[in-house]
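The values are calculated or read from the model by the stated rules, or taken from the named source; none is laboratory data. The structure displayed is predicted, hence computed values, not measured ones. Cβ sites come from the backbone with ideal geometry, for glycine too, and all protein chains shown count toward neighbours. Just the protein is used for accessible areas: all its heavy atoms, side chains included, with ligands, DNA and RNA removed. Shrake-Rupley method; radii C 1.70, N 1.55, O 1.52, S 1.80 Å.
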Amino acid sequence: MEQRPLGNTGLMISPIGLGTVKLGRNRGVKYPGGEGFAIPSDEQVRELFRSAADLGVSLIDTAPAYGLSERRIGEIMHAQGWFGGRDRWVVCTKVGEEFDPEEARSTFVFTPEHVKMSVERSMRRLRVDVIDIVLVHSDGRDEWILRDSGAMDALREVQRRGLVRAIGMSTKTVDGGLSAVRRSEGACDVVMLTFNAKERAEGVVIDAARHRNVGVLVKKGLLSGHIAEVMGRMPPEIRAVTDDPIEASMRLVLGRQGVGAMVVGTSSSVHLTDNVRAAEAAMRV
Ligand SMILES: NC(=O)c1ccc[n+]([C@@H]2O[C@H](COP(=O)([O-])OP(=O)(O)OC[C@H]3O[C@@H](n4cnc5c(N)ncnc54)[C@H](OP(=O)(O)O)[C@@H]3O)[C@@H](O)[C@H]2O)c1
């Protein structure tokens, strides 16, 4: 895949990122089939990362809230020498959400102390000296977190210390996304938001981010796997070009100027390959 700049972060990323929820957690998720799916084996994860490296997928998205995900990325990538070197990857993780697998419940902590602890813990789990992107994992109180929690200042401090390259927030609201982007000079280098066939309200945030050269990562671009619902919600101009829900979703998301990458969750090398091919077709227009 071509590599392209993520806003003004100085990072180069592939337009398709690899989302890794399913590598570490099978409870408290809303994927088709619900909870309890088989978490992929080490061999399957190794193949997934090998495929990503071969396909030029350089962006990996994880979080402490994705259960074993960070730890498995660190262990498997370390053992494989990061398939050609750590420098070829852009690793994004988060702070603020902690998931209890026994209770299948999340708790949220946005204090500066927690943010610093979490970043250092992620570095140990991922086995890296620096994390490329750290986002606050919002619980929906986007504006309060940005303004009053102290989390953004704590992230800026770890960034100054050289532990993190770019910082930002994974938002849940339009107003929060707009605030995150408006505060770009003081706070967010990157925003992660939802944009798909069914939920397009956050498109205005993409436009605002583009205007300010803030990096945009899109989550849930395939409706978290509810593919059957995609085409019925797709704008007619995209339906006129393709009836493939994956390619249509790529056209919708990657066709929106200002999007840096669509982070697609998968535990399947076959799906990752299909997604890269579909993205390339969508961007060939
Ligand atoms: N920060 C946040 O608050 C937040 C929230 C949600 C998500 N995220 C990030 O964004 C990523 C993407 O979101 P998401 O995982 O919820 O949803 P998504 O990317 O819209 O969809 C993932 C689902 O689609 C399936 N899928 C992927 N490629 C496919 C293909 N070619 N054909 C058929 N099915 C396919 C996957 O199953 P298979 O495993 O079978 O491929 C998985 O069930 C996450 O992994 C995570 O990294 C962040």
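Within region 169-191, take every residue that is assigned to a strand (DSSP E or B) and out of contact with any Gly (no Cβ under 7 Å at 6 or more places or on another chain) and give me the one that is farthest from the ligand (Cβ to nearest atom). Filtering region 169-191 for residues that are assigned to a strand (DSSP E or B) and out of contact with any Gly (no Cβ under 7 Å at 6 or more places or on another chain), the one farthest from the ligand (Cβ to nearest atom) comes out as Met169. Taking the conditions exactly as written (assigned to a loop (DSSP other than H, G, I, E, B) and open to solvent by less than 20 Å² (accessible area, probe 1.4 Å)), does Val45 satisfy them or not? No, not satisfied.
Inclusion of Ile238 among residues that are crowded, with 16+ Cβ neighbours inside 10 Å and assigned to a strand (DSSP E or B) is not warranted.
Residues that are touching a Leu at 6+ places or on another chain (Cβ under 9 Å), part of a helix (DSSP H, G or I) and touching a residue at least 60 places away in the same chain (Cβ under 8 Å) within region 126-168 comprise just one, Leu155.
Scanning region 203-235 for residues that are under 29 Å from Arg182 (Cα atoms), part of a helix (DSSP H, G or I) and of a type in the set (Val, Ile, Thr) returns Val204, Val205, Ile206. Tallying residues that are among the β-branched types (Val, Ile, Thr) and either surrounded by fewer than 22 Cβ atoms within 10 Å (Cβ to Cβ) or part of a loop (DSSP other than H, G, I, E, B) (or both) within region 2-20 yields 2.
Only one entry in Ala38, Ala52 is within 17 Å of the chain's Cα centre (by Cα) and of a type outside the set (Phe, Trp, Tyr), namely Ala52. The residues on offer are Gly186, Gly176, Gly168, and the sole one that is at pLDDT 95 or above and either farther than 30 Å from Gly232 by Cα or of a type in the set (D, E, K, R) (or both) is Gly168.
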